[in-house]
Each structure stands twice: as C-alpha cells, then as structure tokens.
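Below is one structure, written out as structure tokens, with a few remarks after it.
The values are calculated or read from the model by the stated rules, or taken from the named source; none is laboratory data. Here the structure is a predicted model, which means the values were calculated and not measured. All Cβ positions, glycine included, derive from the backbone under ideal geometry; neighbour counts span all protein chains shown. Just so you know, the surface numbers come from the protein's heavy atoms only, side chains and all, with ligands and any DNA or RNA stripped out. Shrake-Rupley method; radii C 1.70, N 1.55, O 1.52, S 1.80 Å.
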Amino acid sequence: MDSLILVLALAVVFYGLIPGFGAFYVRRRWREFRRRIISASLYPLAEYRSLRRTEHGFVGNLRFFGGLEATQGDDVVWLRSGSLSVAAELKKVAVYWLPSFAFVEAEGPVEINEESLPDETPTRVRWERIFSLPEGTQVFVSGPLYIDRGRPVFRSDRQRSLTVVIYDGQQNTILRRSIWGGRHRNEYVNPFTPGSITAGSFSLLILAYILLRSPQLRLPAIIALTASLFPLLVLLPPGLLFFFLYRNWWKEARFLRAERDMLLLPLRYFPDFPTGSASVRLPDGEAYVMERHAERAEAIARLGAGKIRQATRLGSAALREADYYVFGGPAQGGPLGRPLDPMAELIMIPGHPLELSRRCSKRARLFELLSTGAIVVGLLMNLCILLVLLAALIK
C-alpha cells in the first residue's frame, strides 16, 4: 500500500502540482503584462510641455514612443521622437518584443484579429540578455520619469517598474497586439513542465525497476511503469483523438478570453459605465466620447473610418435588440474623429460591451472545462489499456 501511495504521489507532484504551479505563474505574469499595458495607456505622453514643469526629480508616470538613438553603458538607452530625446535605465527590466507585424490594410472595417494578428506570444527577455539593437528600433516605454541633471530619464522605482515594448508597425497597433497576443498559448506547457515531466518519468521508471524485484509488489510496479510513460500516453491512440479535442477547445477558450479583453478596452476610460452617451478627457486633455445608438446605420455613419469590434464566437444571437456603442473623438454633424492619442481607439461595438465580455468569459470557462475533461478522458483511456497490456506481459 505504501508503494502504491509513493507511485501516486510522484505522479501527482511531477505531472500535476509542479506544471500546475507553472501554469498559474505564467498566466499571472501575462495578465500582469496586459494590465501594465492598459495602465500605461492612461498615462500622459512625455512631451516638452510636461517636462518643463519640473526642474529636478520625479515628474510623474508617463509614456513615450521613440526610436533607438544610442546606448550608454550597459543599461541606458536614448530614445528620440522628433526633437525630444529621453533616456531609459533598463537594468533588471523585462523587455517585451512584439511579434513582427504588417498590418492588414485589406482587413476592412471589421476587425478580424484571428487573421490579421500573429498567433504568437510576445517574447519576454531581461535587458541584460539583449546584446545589441539596431539604431532606429521602435521602443515604447512607460513608467516613472525623472529629471536628472537636466535630462529626462525613465527609471524604475519601488512602487513601479518600467514597461518596455519593442515593436514594428504603427504606434496605434501596440495596444491591440499586446492585449490580443499577450497570453500564453497553453499554460500547462510552461518553463517548469519539461524538467518536471522528465524528472517524474525517470523517477517512476527507477521506482518500477526497484519494485519489480519483489513479486508481491507487482501491481504498484506495473502502475509505476505505466505512469513513467505519461509523456507518450497523450500521443497514443485511441486517446490521441481526445488530445486533438483538448487542443482545439483550449485554443477556443484562449480566443474567447482575448475577445473578452478586447471588448473591454474602450471602457477603461469610462470606469462607471454610463447608460447613455458620455464624454471624458484622455490623459493629455483630449476629449473622448462614447455614443449609444439604436440603429446600425446611424452608428456606422458616426464611426466613419474606424473599426468594428465584434464578439465573433457569440453569433448573431448576441446582436438581437442590441444597441451600438461608438467610441472616438467628438465631432458635430459628421463621423467621429480619430483621437490624437495613438492608444485611444476609434471603434464601434455592436452590443453592450460589458455583457458581451461577460458572455465571452463564461463561454471561455466552458471550453476550458471541456478541454480539461477531454485530456483526462484520453489519458485514463490509454492508461487503462497500457495497464492491461503490461499486466499481461509482466508475469
């Protein structure tokens, strides 16, 4: 009995607990990345007028888009936008590298994120591991800005570390790309998983060898040997069918979570979601409005050159008796304008954004449960078959 408990304990620890801890860790880390990008979008832009107010010390939490101008020592980079140059101290700072991206201009007025955006997670790397960057590399940095000896310097402090994103393409694509792609593709497969599964497999194989030397421990030995083949079990028929179901359903859940977050983006400027139209000020003082329309044609006329963002997986039922919400710069008698702030969107959402996001979240949880059930069923099926075969072979 003790041997069987040891076998099960090793399997649970190496195949479940350690990869499970890694899954929570990477999901939390990417959730924090998305939160920081959204927070950064609410900071004012670093401009001459905001820097002149402070002669020395802390200016505030600001953001800056610039091209790499030069490096100073190992940890300081200089960025330039127009006539303004700022420094950024990047020691011990995590840098996020957005996947290469050529915006699909043929996308049309309706966002098709699944086709338009790369199906890749941004690369996260410590600054110390980046050895060189070409001049002109586009960098987005946000966080505490100081005036140090007359020069503006982005610098992490105890309350907040810098958020640094390297990107290509237009500035107004950074938010969309970061929120859509800034999530792990499969949390179970994380940096902790390969070592844990390898250690578990070898441990169980050695334990099976030891147990097989004692005839009375034949059953726990067979179970240990079966469990040691865990890395192969998911790829063997007939459980392989459930593995494909697991992958497809997990991908669907990830897609729904991404759509949930995208639908909520315009609402970050409206923390108390109003029942009708409303107007707020963007971080730099620019006006930003939300309009609610009952008719699609009327909403489209106000949208102008903006984009339509939909909950694509909820189907047409989500649009029954729905209002249309348009977000953009105020305009009288014509389409709304595109805000000067590159992280403020000109967007229309058919349906109530909060309700749509709630339904996306609920549906995502359903697909997560289905995918988990599929992989468990497939593993148990293959496990039972392998147990029977090994029991017949090992006398």
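Of all stretches in the chain that contain no GluC sites (Glu not before Pro) in a DSSP loop with at most 11 other Cβ atoms within 10 Å, the longest one is 136-294.
Taking the Cα centre of the chain as reference, the dipole from Cβ charges on Lys and Arg (+1) and Asp and Glu (-1) amounts to some 1020 debye. Note on region 179-254: with charges restricted to the Cβ of Lys and Arg (+1) and Asp and Glu (-1), its dipole about the Cα centre is near 60 debye. Within the chain, the proportion of C-alpha pairs whose separation exceeds 39 Å stands at 35%. Other residues within the sphere of radius under 14 Å centred on the Cβ of ASP157, judged by their own Cβ, net out at +3 (K and R +1, D and E -1). Surface composition of the chain: carbon plus sulfur atoms contribute 60% of the solvent-accessible area (1.4 Å probe, protein chains only, all chains present). Evaluate the Kirkwood expression for the hydrodynamic radius of region 231-373, namely the inverse of the mean inverse distance over all pairs of different C-alpha atoms, and round to one decimal in Å. Value: 16.9 Å, from the Cα pair sum. Loop-located trypsin sites (Lys or Arg not before Pro) in region 126-169 (DSSP state not H, G, I, E or B) with no more than 15 neighbouring Cβ atoms inside 10 Å: ARG149, ARG158, ARG160. When the charge dipole of the chain is built from unit charges on Cβ atoms (+1 for Lys and Arg, -1 for Asp and Glu) and taken about the Cα centre, the candidate among HIS352, ALA299, PHE65 whose Cα reaches farthest toward its positive end is HIS352. Computed from label points 7 Å out along Cα-Cβ, the spacing between ILE112 and SER161 is 3.9 nm. Length gained on full extension, SER50 to GLN216: 51.9 nm, using 0.36 nm per residue less the C-alpha separation. On a 0 to 90° scale, report how tilted helix 353-393 is relative to the longest principal axis of the chain, with both axes built from alpha carbons and the result rounded to the nearest 10. The answer is roughly 20 degrees.
Solvent-accessible surface (1.4 Å probe) assigned to LEU267 amounts to roughly 20 Å².
Relative to the longest principal axis of the Cα atoms of the chain, the long axis of helix 2-12 makes an angle of roughly 20 degrees. Relative to the longest principal axis of the Cα atoms of the chain, the long axis of helix 218-228 makes an angle of roughly 30 degrees. Here the contact order of region 1-80, divided by its residue count and restricted to Cα pairs under 8 Å and six or more residues apart, works out to 17 percent. Mind checking the log10 I(q)/I(0) for region 157-280 at q = 0.10, 0.20 Å⁻¹? Debye, one equal scatterer per Cα, no solvent, two decimals. Values returned for q = 0.10, 0.20 Å⁻¹ are -0.63, -1.20. Hey, for a label at PHE270 modelled as a point 7 Å past Cα toward Cβ, could you say which residues of region 325-349 have their backbone N under 12 Å away? Residues passing the 12 Å test: 325-328, 347-349.
Straight-line reach from LYS251: taking Cα to Cα under 16 Å and skipping same-chain neighbours fewer than 8 places apart, the aspartates and glutamates in range are GLU114, GLU115, ASP119, GLU120, GLU187, GLU259, ASP261, GLU368. Across the chain, the mean sequence separation of Cα contacts (distance under 8 Å, 6 or more residues apart), normalised by length, yields a relative contact order of 17 percent. With distances taken between every two different alpha-carbon atoms, region 54-201 has a Kirkwood hydrodynamic radius of 17.3 Å.
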